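Chemist: One structure, pasted below without further comment.
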Amino acid sequence: MTKASLRVATTQLQLRPETSLQAYLNHMDGLVKRASAQGAELVLFPELASTGLLAAIEDHEVTTATITSDYWKFLPMFTNDIVNGIRRMAQENNIVVAGGSHNRIAEDGTLRNTAFLAHPDGRVESQDKIHLTPQEHALGARGGNDLLVTKIGPFTAGILICADIQFPELTRYLVHKGVDLILCPSLTWNRRGVHRVKTGCQARAIENQLYVVMSPLFGSNGIPTDSPMYAVGKALITAPVDKTVGINDGFLAKSESDDEDILFAELDHELLLASRATPEAPGLALRRLDLYAKLQAEMGS
């Protein structure tokens with residue numbers, strides 16, 4: 001009989017100086033083990049989770065003048081080893097590791113912000129960030145063109161990286177493909193960004209009657225030395241807001257900690273199906289698809 005729920009964990013990962021690849025992997029591994037020990041079947045890490053490895057650069061000082069080159073030439077050197085590391089963690093701990101996103105150089109030579117999802121059977125899937133920030137465009141990075149749809153326990157899942165959760169078109173496409181769980185690795189460096197991602201997660205959960213799990217990077221590793229980045233954010237897990245789920249603000253869990261943290265929640269798949277079957281608000285079942293098609297035609301796309 002198929003299990004009808006999924007116990008998930010999401011990390012609030014501290015950005016700190018990681019002076020070696022092994023130090024960074026040990027940091028991740030400790031959190032994966034904590035999640036697994038508390039019964040989690042999935043653990044999520046944030047966007048650009050390996051940014052702390054900029055502290056491993058020894059041949060020059062990392063400043064705003066070098067950071068573009070460091071993102072292109074230094075951080076991507078670690079990505080294959082990080083992917084192998086999260087694959088090992090998934091297999092050793094019998095847990096799905098959504099290992100956050102990392103810089104990689106694609107086959108076409110472009111810089112991508114790519115999330116990796118490792119399954120206990122050794123499979124690794126990936127998702128490029130679609131909508132890049134102005135800062136990422138300034139780096140010369142490129143957004144992806146495809147959306148991953150995968151199975152995790154009883155759920156059909158997708159990954160939307162940070163700003164992508166703010167674009168309802170992506171989530172509605174994923175729902176069309178059967179998705180009922182979205183994983184959102186995130187990195188923001190001001191309170192406005194925190195609010196955009198938090199509100200985006202809640203909105204997507206409400207309008208699509210699905211679960212959203214978000215993992216933020218927070219803190220600083222003091223880099224670039226002439227203008228250090230300070231990441232902010234609080235981990236959260238959110239659900240539809242209706243009488244079936246029975247939580248007035250939709251939050252199954254949200255961190256109140258200012259330190260590194262792991263949140264846990266049990267995602268009930270049958271409850272989600274019941275929410276969709278008997279919506280309190282209009283919900284998916286009462287969409288005006290005929291009207292939407294007319295409006296799309298008028299927009300010319």
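Chemist: Residue 294 passes all but one of (1) more than 30 Å from residue 66 (Cα to Cα); (2) within 19 Å of the chain's Cα centre (by Cα); (3) open to solvent by 40 Å² or more (accessible area, probe 1.4 Å); which number fails?
Modeler: Just one mismatch for residue 294, condition (2).
Chemist: Only one of 224, 279 is farther than 24 Å from residue 188 by Cβ, part of a loop (DSSP other than H, G, I, E, B) and in contact (Cβ under 8 Å) with a residue 60 or more places away in the chain. Can you tell me which?
Modeler: 279
Chemist: I've got another one for you. What residue, among those in the stretch 88-110 that are surrounded by fewer than 20 Cβ atoms within 10 Å (Cβ to Cβ) and under 30 Å from residue 262 (Cβ atoms), is farthest from the chain's Cα centre (by Cα)?
Modeler: 92
Yes or no, residue by residue, for (1) assigned to a helix (DSSP H, G or I); (2) at pLDDT 95 or above; (3) touching a helix residue (DSSP H, G or I) at 6+ places or on another chain (Cβ under 9 Å):
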| position | (1), (2), (3) |
| --- | --- |
| 1 | no, no, no |
| 6 | no, yes, yes |
| 36 | yes, yes, yes |
| 47 | no, yes, yes |
| 61 | no, yes, no |
| 97 | no, yes, yes |
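Chemist: Just need a number here: residues in the stretch 271-286 that are more than 16 Å from residue 178 (Cβ to Cβ) and open to solvent by 80 Å² or more (accessible area, probe 1.4 Å).
Modeler: Residues meeting the conditions: 4.
For (1) farther than 21 Å from residue 154 by Cα; (2) at pLDDT 95 or above, each residue gets a yes or a no:
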{"site": "260", "(1), (2)": "yes, yes"}
{"site": "273", "(1), (2)": "no, yes"}
{"site": "280", "(1), (2)": "yes, no"}
{"site": "284", "(1), (2)": "no, no"}
{"site": "293", "(1), (2)": "yes, no"}
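Chemist: To continue, here is another question. Does residue 243 count as of a type in the set (Lys, Arg) and either in a loop (DSSP other than H, G, I, E, B) or crowded, with 18+ Cβ neighbours inside 10 Å (or both)?
Modeler: Numbers: of a type in the set (Lys, Arg): yes; either in a loop (DSSP other than H, G, I, E, B) or crowded, with 18+ Cβ neighbours inside 10 Å (or both): yes.
Yes, satisfied.
Chemist: All but one of (1) over 24 Å from residue 146 (Cβ atoms); (2) assigned to a loop (DSSP other than H, G, I, E, B) hold for residue 53, so report the exception by its number.
Modeler: (2)
Chemist: Anything in the stretch 8-38 that is surrounded by 16 or more Cβ atoms within 10 Å (Cβ to Cβ), charged (D, E, K, R) and under 22 Å from residue 152 (Cβ atoms)? List them, or say none.
Modeler: Within the stretch 8-38, 29 is the sole residue that qualifies.
Chemist: While we're here: Looking at 209, 202, 166, which one is touching a residue at least 24 places away in the same chain (Cβ under 8 Å), in contact with a Gly (Cβ under 7 Å, 6 or more places away or on another chain) and open to solvent by 60 Å² or more (accessible area, probe 1.4 Å)?
Modeler: Result: 166 is the single residue among 209, 202, 166 that is touching a residue at least 24 places away in the same chain (Cβ under 8 Å), in contact with a Gly (Cβ under 7 Å, 6 or more places away or on another chain) and open to solvent by 60 Å² or more (accessible area, probe 1.4 Å).
Chemist: I would also like to ask the following. Take the residues in the stretch 39-55 that are farther than 18 Å from residue 186 by Cβ and open to solvent by less than 20 Å² (accessible area, probe 1.4 Å); name whichever of them is farthest from the chain's Cα centre (by Cα).
Modeler: Across the stretch 39-55, the extreme among qualifying residues is 54.
Chemist: Could you grab me the full set of residues in the stretch 33-85 that are within 15 Å of residue 9 (Cα to Cα) and not polar (S, T, N, Q)? Before the answer, list the steps.
Modeler: Taking the stretch 33-85 as the starting set, the residues that turn out to be within 15 Å of residue 9 (Cα to Cα) are 33-46.
Across the stretch 33-85, the qualifying residues are 33, 34, 35, 37, 39, 40, 41, 42, 43, 44, 45, 46.
Chemist: I've got another one for you. Scan the stretch 152-161 for residues that are open to solvent by less than 10 Å² (accessible area, probe 1.4 Å) and over 14 Å from residue 205 (Cα atoms) and jot them down.
Modeler: 152, 155, 161
The values are calculated or read from the model by the stated rules, or taken from the named source; none is laboratory data. All of these numbers come straight from a predicted model, not from anything done at the bench. As a convention, Cβ positions derive from the backbone with ideal geometry for all residues, glycine included, and neighbour counts pool all protein chains shown. When the accessible area is computed, the model is the full protein with side chains, heavy atoms only, and any ligands, DNA or RNA have been set aside. Shrake-Rupley method; radii C 1.70, N 1.55, O 1.52, S 1.80 Å.
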